[in-house]
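The values are calculated or read from the model by the stated rules, or taken from the named source; none is laboratory data. What you see is a predicted model, and the numbers here were worked out from it, not measured in a lab. We place every Cβ from the backbone using ideal geometry, glycine too, and count neighbours over all the protein chains shown. Just the protein is used for accessible areas: all its heavy atoms, side chains included, with ligands, DNA and RNA removed. Shrake-Rupley method; radii C 1.70, N 1.55, O 1.52, S 1.80 Å.
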Number of protein chains: 4
Amino acid sequence: MHVHRVRVGFGDCDPAGIVYFPRFFHFFHEAMETWFDEVLGLPYAEMIRGRGLGFPAVHTEADFAVPCAFGDEIAVEQRVVGLGRTSIRFAYRVRTHGEPDSPTRLTGATVSVVMDLDPRRPTFRRPIELPADLRARIEPLVVAP
Amino acid sequence: MHVHRVRVGFGDCDPAGIVYFPRFFHFFHEAMETWFDEVLGLPYAEMIRGRGLGFPAVHTEADFAVPCAFGDEIAVEQRVVGLGRTSIRFAYRVRTHGEPDSPTRLTGATVSVVMDLDPRRPTFRRPIELPADLRARIEPLVVAP
Amino acid sequence: MHVHRVRVGFGDCDPAGIVYFPRFFHFFHEAMETWFDEVLGLPYAEMIRGRGLGFPAVHTEADFAVPCAFGDEIAVEQRVVGLGRTSIRFAYRVRTHGEPDSPTRLTGATVSVVMDLDPRRPTFRRPIELPADLRARIEPLVVAP
Amino acid sequence: MHVHRVRVGFGDCDPAGIVYFPRFFHFFHEAMETWFDEVLGLPYAEMIRGRGLGFPAVHTEADFAVPCAFGDEIAVEQRVVGLGRTSIRFAYRVRTHGEPDSPTRLTGATVSVVMDLDPRRPTFRRPIELPADLRARIEPLVVAP
């Protein structure tokens, strides 16, 4: 499990004083980026800029239980729950940071595909197989959904 | 069906040049707001500020097929596909604006509950029954999912 | 003068119920984009993708007088108040849409430079002279600050 | 000087691959929030929700020198450079995090006023004097612009 910590800011919240829900998908994406950097040891920026790979979402979802308000410190827990030929399935759970037994604020999931972003390759803008070095590092991390 | 038109801006897009997917949930929310204003004739701002009602999402999801890039004019089509005691289920479909037969870019759904935002009421911050005047206006609009 | 109309959304606002001020710079940028599209007749997306030009801000500022709240329809008025060898200076004024004599909500300004975004050119990522066709269309629009 | 660290995310950047400039004002605001929390020891969320005070910007500005790209770790340095009867003036400087002698990416400034957000007080939605306890903590921090 990878934990991405977020301090909920004033600007993340709406007039009801709680996180405007589209922002949680931004937090999910940030969690994926820091997972590349910190867990895989393959910096996300290097994947995109250096290797011309992208990881766009083809599906995403979330179920909201307890609101998050500005000033809250939250933990975005990320697990890999599936690995296809060209895709990775992530599951998310958000709780109060530092309180792993606290009630779940929300759960979510995203399926990302590996996309070729290099215009010089014939597969440009098409889904491609997860490169072998990524697969080797991700496979041991997969857990049951 | 309610159609909310969006001109995709530079700032809605990510370094891959396409809409950063969390933004679509913002577009979905904007569609719901303009639906209150233009279809129900009950301005969204009046619901929140005047009547102390909120409509937070308890569930949302999206499936992405064809990317949207900056400069694209898109139509966010919204339908009401379910009405519970305290909730409304919206379905979304995004296409090129003005081309109703163009390929679907993405589909999505959101379930919103009616929340009491008035601190003077005993139901403050709890889901409440959809008020009768809203139900009367929404019921005729419900279509099969 | 170019007028960009914005319906302030719930998600543009902060817990105080008014536009989170960084959003106004997004509205300013949208105004510049629609000015390319509608006034110059040179679509912004074509400038970026087709011609490899960018228009990053080197300076921006705003002075806030009257807040904007969600549901407000506002007019972002944009004028060109300066044209340098490599830069364009825009002035902004925001009022209630459809009420040109209503009190100013805020004023602002942005200086954008023309940047070469084409990696095949020696001037890649450097400011370049405003192309002649753009200058010809913009020059007649310049007004006193 | 207060330093707010930001890891620039994919979603903070535009199709040119660099931070979409309105986001810097969000980073400035986050810096102000963490300054309340960490430097003043008066949590920002407590100011807003507990004491009914707001700190809206009446002026802001920025000058951009060197772009920031996704994956960059940046330090948003914040100083208090002025204290009025009802206002605080902040100056910002952004550099590479952990490299205090690295070139300045951008500088900026914001003037925030103290606003009464409590509807039960006669000064509701008006600027009010900076409360004595805040002034006592901020005054020793003021440096020359």
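Only one residue in D:46, D:33 is open to solvent by 10 Å² or more (accessible area, probe 1.4 Å) and facing chain A (nearest Cβ under 8 Å), so which one is that?
Working: D:33 fails: open to solvent by 10 Å² or more (accessible area, probe 1.4 Å).
D:46 is the lone residue from the list that is open to solvent by 10 Å² or more (accessible area, probe 1.4 Å) and facing chain A (nearest Cβ under 8 Å).
If you go through the stretch C:99-109 and keep only what is open to solvent by 20 Å² or more (accessible area, probe 1.4 Å) and under 13 Å from residue C:145 (Cα atoms), you end up with just C:107.
Residue B:78 meets each of the listed conditions (1) touching a residue at least 40 places away in the same chain (Cβ under 8 Å); (2) open to solvent by 20 Å² or more (accessible area, probe 1.4 Å); (3) polar (S, T, N, Q) apart from (2). Looking only at residues in the stretch C:1-13 that are facing another protein chain (nearest Cβ under 8 Å) and assigned to a strand (DSSP E or B), which one is most open to solvent (accessible area, probe 1.4 Å)? Per the criteria, the residue is C:7.
Yes or no: residue A:39 among the hydrophobic types (A, V, I, L, M, F, W, C), modelled with pLDDT of 95 or more and part of a loop (DSSP other than H, G, I, E, B)?
No.
Condition check: closer than 20 Å to residue A:34 by Cβ, of a type in the set (Val, Ile, Thr) and either more than 13 Å from chain A (Cβ to nearest Cβ) or open to solvent by less than 30 Å² (accessible area, probe 1.4 Å) (or both). Does residue D:58 satisfy that? First the steps, then the outcome.
Values: closer than 20 Å to residue A:34 by Cβ: no; of a type in the set (Val, Ile, Thr): yes; either more than 13 Å from chain A (Cβ to nearest Cβ) or open to solvent by less than 30 Å² (accessible area, probe 1.4 Å) (or both): yes.
No.
Condition check: aromatic (Phe, Trp, Tyr), open to solvent by 10 Å² or more (accessible area, probe 1.4 Å), touching a residue at least 12 places away in the same chain (Cβ under 8 Å) and over 23 Å from residue C:12 (Cα atoms). Does residue D:70 satisfy that? For residue D:70, the condition - aromatic (Phe, Trp, Tyr), open to solvent by 10 Å² or more (accessible area, probe 1.4 Å), touching a residue at least 12 places away in the same chain (Cβ under 8 Å) and over 23 Å from residue C:12 (Cα atoms) - is not met.
Return the residues of the stretch B:14-26 that are crowded, with 24+ Cβ neighbours inside 10 Å and facing chain C (nearest Cβ under 10 Å); say none if nothing qualifies. Hit for the stretch B:14-26 is B:25, nothing else.
Quick check, is residue B:63 touching a Ser or Thr at 6+ places or on another chain (Cβ under 8 Å), in contact (Cβ under 8 Å) with a residue 40 or more places away in the chain and farther than 22 Å from residue C:29 by Cα? Steps first, answer last, please.
Details: touching a Ser or Thr at 6+ places or on another chain (Cβ under 8 Å): yes; in contact (Cβ under 8 Å) with a residue 40 or more places away in the chain: yes; farther than 22 Å from residue C:29 by Cα: yes.
Criteria met by residue B:63.
Condition check for residue B:51 on (1) more than 11 Å from chain C (Cβ to nearest Cβ); (2) under 20 Å from residue B:110 (Cβ atoms); (3) more than 17 Å from the chain's Cα centre (by Cα): one failure, at (2). Only one of the listed residues (D:87, D:112) is within 14 Å of chain A (Cβ to nearest Cβ) and either surrounded by 15 or more Cβ atoms within 10 Å (Cβ to Cβ) or touching a Leu at 6+ places or on another chain (Cβ under 8 Å) (or both). That residue is D:112.
Would you mind stating whether residue B:120 is within 14 Å of another protein chain (Cβ to nearest Cβ), more than 30 Å from residue B:9 (Cβ to Cβ) and either within 19 Å of the chain's Cα centre (by Cα) or of a type outside the set (Asp, Glu) (or both)? Full working, then the answer.
On the way: within 14 Å of another protein chain (Cβ to nearest Cβ): yes; more than 30 Å from residue B:9 (Cβ to Cβ): yes; either within 19 Å of the chain's Cα centre (by Cα) or of a type outside the set (Asp, Glu) (or both): yes.
Taking the combined requirement at face value, the residue satisfies it.
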